[in-house]
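Everything on this sheet refers to the single structure shown next.
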There are 2 protein chains.
Amino acid sequence: MQIIFLGTSAGIPTKRRNVSALGLRLENEKEWYLFDCGEATQHQILKTDLSIYNLSKIFITHLHGDHIYGLFGILASKNMQRAISPLEIYAPKGIKELLECVIKYSNLNLHFELKIFEITKKDVLKFEKFKIYTIPLSHSITSYGYVLVENDRPGRFDVQKAKNLGIPEGPLYAKLKNKEIVILEDGRVFDGNDFVGPPKKGKVVIIGGDNDNPLLFKDFNNADLMIHEATFTQKDFDNLEKSYKHTTSKQLAIAAKELGVKKLIITHISPRYDSDERVNELLEEAKKYYKGEVKVAYDFMKVVL
Amino acid sequence: MQIIFLGTSAGIPTKRRNVSALGLRLENEKEWYLFDCGEATQHQILKTDLSIYNLSKIFITHLHGDHIYGLFGILASKNMQRAISPLEIYAPKGIKELLECVIKYSNLNLHFELKIFEITKKDVLKFEKFKIYTIPLSHSITSYGYVLVENDRPGRFDVQKAKNLGIPEGPLYAKLKNKEIVILEDGRVFDGNDFVGPPKKGKVVIIGGDNDNPLLFKDFNNADLMIHEATFTQKDFDNLEKSYKHTTSKQLAIAAKELGVKKLIITHISPRYDSDERVNELLEEAKKYYKGEVKVAYDFMKVVL
C-alpha cells in the first residue's frame, strides 16, 4: 500500500504544513481513502497524482475543524467534476447533522450518493480487502483511532515452474493460481498448491486521531506502522500554561516500544516546530525511547508498505 | 486603498487560482476587510502581508461553497491566535444558522465576539470611514453585490505655508487643519480654510457577487473601479450545454461602458481558462466593448486606488 501525508500540522496551517489529512491506497487499486480532511485538503490533492474522482472513503478521527473543514470543498469539487460514484464518510457522531447543515445552506445539490456512517463505539468495519478497527481515544472531544488490517493476499504464482513443466498457458494457469487440481490432456496431474507460494500477510497500520494515550492501541502489538500525533516534545509540553489532551514525542516513543510496532511516524506537529532544527527535537526525543525506524512526517511524504 | 485578489477561480480551485476572496484595506488603516472567503483563504493570507489578527469585517456575496468554505478556518485560526477583537460577518440570510451549526459540531469555543449581520435587501451599511451599498443581483441563489463608497477625506494641510508665515508649530496647526480661525499672540488672524486644500473625493468600488446582469449596478455610474465576475467568454457561454447564471466577458464590458466605470477588473474565472492564451481570450473580448483600463485578475494581484 501507499500512504501520502497531505497535512501534518496541528490546529492551524503554516507555510510548511497544512492541517491534518492522509491519503492511503492499497496495492493495485485505483480507488483510495482519506484519513481526516482539514481545510485545503483538496488543494493538497491537486499537487499529487491522486484525484477526488477516485476518492471512495473518508475516515474522520474527530470533529475539530483542523480535521474536517476540508470535507465540504471535497464534496463540492467531486460534484463539479460530475463524479457519480458514491462517497462514504465514517466519523464520530455529529458528522451527519454537520454535513446536512452545510449542504443545505450552501445549496450543494449532490449528484452522487453520500453515505455517512457515524462511529459510536469500539467496532470493526469490514470491507472487501481490509478491516478497520475503530479505537476510542482520549482527547478533549470524542476521538477515534483507526487500525487498518489488510486481508492476507494470495501467494505468488510460479509461472516459470508451470512453463518449465510444459503446462499450456491460459485457463489452466488460473485454476492452478486458485490452488485447484489440474489434469492435462497427456494425463499428468498437478496440484495448484505446488505452484503458489505462501500467502502474503496483510499489513497492519495504526492511524491515530488526537489522543493523549497512545497505549490505547494495545490490542495491536507488532503493527507494521504506527502513525500517531505527537504535538509537542515533553519539555515544551511541561512548560505549557495550559494542559492539552495531546501526546508528547517521548510518550509516543515509549508506547511504540511497548506495542512493538515496526515503524513509527510522528505527525500533527505544533506550529512552534517551524524549522528543521525544531522538528529535529521531536525526532531526537523519540529516538531515545524507541529504537525502531522513526520519522517525523512532512507534507507530501510518501510511505510504501 | 489597497486591494488584493486572494482567489480568482470560479467554483473549484486550480493550480493557478484559488476560489473567491478579495482583501481590501483603506489608506492608513491597520484593520482590513474580506469580500468572500472560499476554502483556503487563510492559506492565501499566509502568503501576503495581511493577517487574520487584523481582519475585522467579512462581506459575503452569496452562500455557494466556493465563496464561504474558508470562513470556518478563519474563525478557528483567529481563535488559536488568541485574537480578541470582534469579527463582523455580513452575508445573505442563512449564514447565521450555518455558522452556528459548524461552530457547534466542530466544538469551536470562540474567545472573540462574532457579530453576524444577515443582508436581506437593498440597503446601505454605514461605517466610520465608508459606506457599503448592498445590491441584490441575479444568480441561481440569493447573491449581493457590494459597493464601497469611501467618505471624502480632508484636503492636504499646507504645512510649508504655515511655517513661512511664522505660525508656531503645535496645537495651532491642528486647529488650522480643522479649518478653525486662529489668532496669534502678535494679533495676526488666520483662517484654516486658507491652509487646507480641497477635500479628496472618496473612491467608489463596485464588488460584484455571482451575477448574470452587471447593469444592476446602474446607480453607481462613474465608479472608480468595477470588480465583477465574467466566468466565460461569450463564445464559450453560447456553447455550454446548460445555461448558468453568470456574466460573460462581453456582457460585462458592455455594462462597464454603459456605467462609465473608470477601471474594470474581471474575476471569477472558469477553470477552463487554464493558460495565458485562454485568459487572454477573456481580456480581448472585453477590450472590444470597453475602452477603459481593463484587466483579468490573478491570485495576489494588487490594486492601489
*Sort by residue number and report every cysteine in the protein assembly as shown with no other cysteine beta carbon within a distance under 4.7 Å.*
A:CYS37, B:CYS37
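Just the Kirkwood number for the range A:199-305, please: inverse of mean 1/r across all distinct Cα pairs, in Å, one decimal.
Working: mean 1/r = 0.0717 Å⁻¹.
Radius from the Kirkwood sum: 13.9 Å.
Hey, what does the equivalent ellipsoid look like for the protein assembly as shown, semi-axes from the Cα gyration tensor as sqrt of 5 times each eigenvalue, largest first, whole Å?
On the way: eigenvalues 652, 198, 78 Å².
Output for the protein assembly as shown: semi-axes of 57, 31, 20 Å.
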*Relative to the first principal axis of the alpha-carbon coordinates of chain A, what is the inclination of helix A:71-80, with its axis defined by its Cα atoms, in degrees from 0 to 90 and to the nearest 10?*
50
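Just for the range B:1-159, what percent of DSSP beta bridges are antiparallel, to the closest 5? Each step should come with its number before you reach the end.
Values: 20 of 34 bridges.
Bridges in the range B:1-159 are about 60 percent antiparallel.
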*Where Rh is the Kirkwood radius over Cα pairs, Rg/Rh for the range B:1-90*: 0.94
*How do A:107-116, A:67-76, B:127-136, B:178-187 rank on mean C-beta neighbours within 10 Å, highest first?*
A:67-76, B:127-136, A:107-116, B:178-187
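Over the protein assembly as shown, what is the percentage of antiparallel beta bridges among all DSSP beta bridges, to the nearest 5?
So the antiparallel bridges in the protein assembly as shown amount to around 55 percent.
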*Which pairs, out of B:LYS47/B:LYS129; A:LYS47/A:LYS121; B:LYS30/B:LYS295; B:LYS30/B:LYS131; B:LYS115/B:LYS257; B:LYS200/B:LYS291, put more than 30 Å between their alpha-carbon atoms?*
A:LYS47/A:LYS121; B:LYS115/B:LYS257
*When you count, for each residue, the other Cβ atoms within 10 Å and take the mean per peptide, how do B:234-243, B:22-31 rank with the highest first?*
B:22-31, B:234-243
*Using alpha carbons only, how many degrees (0 to 90, rounded to 10) separate the axis of helix A:276-289 from the longest principal axis of chain A?*
70
*asked:* Given contacts defined as C-alpha pairs under 8 Å and at least six residues apart, what's the relative contact order of chain B, whole-number percent?
replied: 17
*Wrap a convex hull around the Cα atoms of the range A:227-289, take a quarter of its surface area, and give that in square nanometres.*
4.2
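Helix-only estimate, please: 222 nm mean residue ellipticity of the protein assembly as shown, summing -39500 (n - 2.57) across DSSP H runs of length 4 or more and dividing by its residues, to the nearest 500. Don't skip to the end; give the middle numbers.
On the way: 18 runs with 146 residues, N = 610.
That comes out to -6500 deg cm²/dmol.
Within 10 Å of each Cβ in A:33-42, how many Cβ atoms from other chains are there, averaged over the peptide? All intermediate terms of the calculation are to be shown ahead of the outcome.
On the way: counts 0, 0, 0, 0, 0, 2, 12, 11, 2, 6.
The per-residue average across the peptide is 3.
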*One decimal, nm, shortest first: give the distances between the label point of A:LYS126 and those of the same position in the other copies, each label point 7 Å from Cα along Cα→Cβ.*
7.0
*Which value in Å is the Kirkwood Rh of chain B over different Cα pairs?*
21.0
*Over the alpha carbons of the range A:127-232, what is the largest minus smallest coordinate on each principal axis, giving the biggest first in Å?*
71, 22, 19
*Give the angle, between 0 and 90 degrees and rounded to the nearest 10, that separates the Cα long axis of helix A:95-105 from the longest principal axis of the Cα atoms of chain A.*
70
*In peptide B:69-76, what is the residue-averaged number of other protein chain Cβ atoms found within 10 Å of each Cβ?*
6
_Please report, for B:ASP276, the nm distances (one decimal) from its label point, 7 Å out from Cα along the beta-carbon direction, to the equivalent points in the remaining copies, shortest first._
3.4
*In the range A:158-305, what percentage of the DSSP-assigned beta bridges are antiparallel, given to the nearest 5?*
20
_For B:GLU241, label point 7 Å along C-beta direction: distances to other copies, nm_ = 5.7
*Exercise: per-residue mean of other protein chain Cβ atoms within 10 Å, A:202-215*: 0
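Computed from the coordinates by the stated procedures, all read-outs in this text should not be read as laboratory data. Predicted model only: the values in this text are computed from it and were never measured. Here the Cβ is made from the backbone with ideal geometry for all residues, glycine too, and neighbour counts use every protein chain on show.
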